[in-house]
Every structure is written in structure tokens, then in C-alpha cells.
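The values are calculated or read from the model by the stated rules, or taken from the named source; none is laboratory data. Computed from a predicted structure; not experimentally measured. So basically every Cβ, Gly included, is an ideal-geometry build from the backbone, and we count neighbours across all protein chains shown.
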Amino acid sequence: MSVDWAKYASAESARQTRKVPEDNAVVEISLQKLRDAASVSYSVSHDPKCNGDQHNRAHSLIDWKDSLGARRSEDWTALRLALSNVAVVVIGL
């Protein structure tokens with residue numbers, strides 16, 4: 001899952017990076033709360049992106065895999081449930 005790290009981007013600047021900003025909400029996720037709530041193993045990595053003239057220093061990835069390195073749909077469902085329990089809407093639709 002592609003996210004923007006709040007250390008490097010405000011909620012509004014993260015929203016403005018979308019093709020149609022007004023069609024996108026912005027939520028804030030506390031990784032500590034996600035760690036406490038998630039029943040699946042996941043990782044978070046800082047992954048800055050550069051696309052031509054567009055630079056996104058805040059770009060990061062949340063990824064999940066089982067012990068064999070596979071992504072299972074039930075793990076994605078569990079991670080989505082954990083995210084929905086800890087995410088706070090900062091900018092709504």
C-alpha cells in the first residue's frame with residue numbers, strides 16, 4: 001500500500017499529489033496503533049519517488065507477507081480491518 005509519511009508531507013500536500021485531489025480523502029495512521037491492532041505481519045519502508053519533475057520525498061510503503069513471502073487475501077482483509085480501526089480521517093471527501 002502506497003502512503004505518504006507525515007514527517008515529509010502535510011495532509012493537504014499528500015492529497016494534491018493525486019490525479020484528482022478532490023476525489024481523495026486523507027487519513028492518518030499511527031503505526032504504533034496499527035502494530036497493536038494488526039493480526040498479520042507487515043513492514044513499512046521509506047520509498048521516495050521521482051517521476052520526471054515530480055518528487056515525493058514522503059512516499060512510503062506498507063507491505064504484508066506471510067512467513068513464506070506470499071501475500072494471502074485473508075491477510076489483506078485482516079490488515080484492512082486493522083487499518084479501519086486505527087485510521088483517523090484528516091481530510092474527508
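Computed values, structure above
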| item | result |
| --- | --- |
| Test result for VAL40, surrounded by 14 or more Cβ atoms within 10 Å (Cβ to Cβ) and part of a strand (DSSP E or B) | no |
| Count - residues of region 52-77 that are farther than 18 Å from TRP5 by Cα and either under 13 Å from the mean Cα position of the chain (by Cα) or at pLDDT below 80 (or both) | 14 |
| Set LEU79, LEU93: member being touching a helix residue (DSSP H, G or I) at 6+ places or on another chain (Cβ under 9 Å) and either on the phi > 0 side of the Ramachandran plot or surrounded by 14 or more Cβ atoms within 10 Å (Cβ to Cβ) (or both) | LEU79 |
